[in-house]
Amino acid sequence: MYIKAALGMYISYFLLGMVNIILISNMTSLTGQWNTDSAGISYIISAIGIGKLLTYALSGRLSDKFGRKPLVIFGSFGLAIFLAGIPLAPSYQIAFALAFLAGVSNSALDAGAYPGLVEIFPKSAGSASVMVKAFMAVGTGLLPIMISFIASKEMFYGYAFFVPAVIYFLNTLFLFTVFFPNHRTVQTPEVDQDNGSTKFLSEPNFKKEGLALVVIGFTSTGLFTVAQIWLPSFGQQVLGMTEVHSIKLLSYYSVGMFVSVLSLAVLLKKFLRPVTVLVIYPIITFISIVTILTIRSAEVVSVASFFVGFSTAGIFQLSIATITEIFWRKKGTVTGILATAGGLASVVMPLVTGMLSKTGNIKIIFIFDALLSVIGLVCALFVFFRYRKLVNGHGGKDFNKSAGKIIDKIS
């Protein structure tokens with residue numbers, strides 16, 4: 001009954017994957033249009049994060065009060081306006097305002113779509129949420145191909161914006177016609193189904209594992225934000241790639257994301273817990289970034305870009321899954337706190353890396369990115385061992401069987 005609603009939301013995220021990289025992928029054209037530099041474009045990208053950061057809490061309240069559908073429709077429509085307006089923006093200030101609108105719209109889309117998908121697929125909520133990343137990865141991968149085609153035909157760069165804008169407008173009309181579940185349906189607390197008790201030996205402590213998960217929310221958002229913004233610039237400045245070929249690094253990155261989320265959708269149902277992935281993925285990210293920094297080969301960097309995308313995909317969603325599992329009595333509150341941390345990262349990272357880019361050595365940005373992965377790993381290890389102490393019953397046994405052996409070897 002609600003499959004059409006789910007399809008509409010996934011289409012919106014497919015297009016959001018394009019939105020996330022569309023500014024940086026058209027940096028040369030946009031810097032000329034607004035008489036700015038690469039740092040200026042990164043500041044506009046940060047405006048998207050500001051819009052999200054300032055409206056996450058309000059969007060969540062509106063979603064609970066008025067339902068998921070109005071927020072999803074508003075989010076899709078706002079993102080369509082952003083895409084249609086950027087190529088036509090006559091000034092930097094107007095572009096900044098459109099970027100802020102995109103952030104507000106992204107916040108509304110998240111506030112409506114994530115709980116909406118959970119309500120449509122209550123028995124596979126984790127996989128439904130992770131599939132959001134899969135659709136975004138497809139969009140991220142297709143945009144560079146579209147840009148390359150437009151460039152090869154010497155067409156106006158704005159067509160790369162107008163095509164997804166039109167699809168967004170059409171999808172908005174489609175969303176008006178579909179039905180969403182009743183958002184006021186009472187959800188059952190996460191308790192042990194066998195004896196009706198909670199599955200934790202002791203009460204979780206937000207100042208410990210909760211705070212660590214919030215940090216992971218920040219670092220995970222920071223990692224993929226930095227990669228999406230600066231991988232093409234790295235290809236051009238360090239490897240001597242052309243602009244068109246350097247953008248293809250984002251395609252390899254997005255393919256890695258897609259492979260990752262499809263794998264997670266299967267593995268999370270079988271034997272892996274989100275908290276295990278939170279530990280393993282930052283290790284892969286760190287190794288991949290070190291490879292990018294040390295081996296100056298376009299082929300090697302392309303492969304490493306794949307693994308950066310693979311290991312950063314879905315971490316934010318899995319950190320939400322973990323924090324809501326541990327603090328199940330305050331799901332809305334902790335989700336809002338973690339989402340705010342992610343929104344803060346989307347604001348801070350473009351600003352910080354924009355300033356770092358002024359040094360003229362883009363490698364510093366990726367050294368900074370490697371540091372983020374280390375911080376995320378340390379926090380994930382802390383959450384992992386805290387989680388093992390908290391879990392009891394058969395949940396703890398399953399956890400030890402499936403994941404404990406892996407991390408024990410690492411640690």
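The values are calculated or read from the model by the stated rules, or taken from the named source; none is laboratory data. Given the structure is predicted, the values throughout are model-derived calculations rather than measurements. Cβ sites come from the backbone with ideal geometry, for glycine too, and all protein chains shown count toward neighbours. Heads up: the accessible areas ignore ligands, DNA and RNA and are worked out on the full protein's heavy atoms, side chains in. Shrake-Rupley method; radii C 1.70, N 1.55, O 1.52, S 1.80 Å.
Figures for the structure shown
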| read-out | value |
| --- | --- |
| Residue in segment 94-115 that is in a helix (DSSP H, G or I), farther than 22 Å from VAL352 by Cα, aromatic (Phe, Trp, Tyr) and open to solvent by 30 Å² or more (accessible area, probe 1.4 Å) present | yes |
| Matching entry among SER76, SER63 (being modelled with pLDDT under 85, hydroxyl-bearing (Ser, Thr, Tyr) and open to solvent by less than 20 Å² (accessible area, probe 1.4 Å)) | SER63 |
| For GLN33: the one exception among (1) modelled with pLDDT under 85; (2) buried (at least 19 other Cβ atoms within 10 Å of the Cβ); (3) over 30 Å from LEU267 (Cα atoms) | (1) |
| Residue within segment 181-202 that is in contact with a helix residue (DSSP H, G or I) (Cβ under 9 Å, 6 or more places away or on another chain) and modelled with pLDDT of 75 or more present | yes |
| Members of segment 97-112 found to be modelled with pLDDT of 95 or more and over 17 Å from PRO164 (Cβ atoms), listed by number | ALA97, PHE100 |
| Pairs, first more than 13 Å from LYS69 (Cα to Cα) and assigned to a helix (DSSP H, G or I) in segment 1-12, second aromatic (Phe, Trp, Tyr) and at pLDDT below 95, C-beta under 9 Å, six or more apart | TYR10/PHE135; ILE11/PHE135 |
| Condition check for ILE120: open to solvent by less than 30 Å² (accessible area, probe 1.4 Å), farther than 19 Å from GLY17 by Cβ and at pLDDT 90 or above | no |
| Filter result (open to solvent by 10 Å² or more (accessible area, probe 1.4 Å), of a type outside the set (Val, Ile, Thr) and under 11 Å from PHE96 (Cα atoms)) within segment 38-57 | TYR43 |
| Tally of residues being modelled with pLDDT under 85 and hydroxyl-bearing (Ser, Thr, Tyr) across segment 232-283 | 3 |
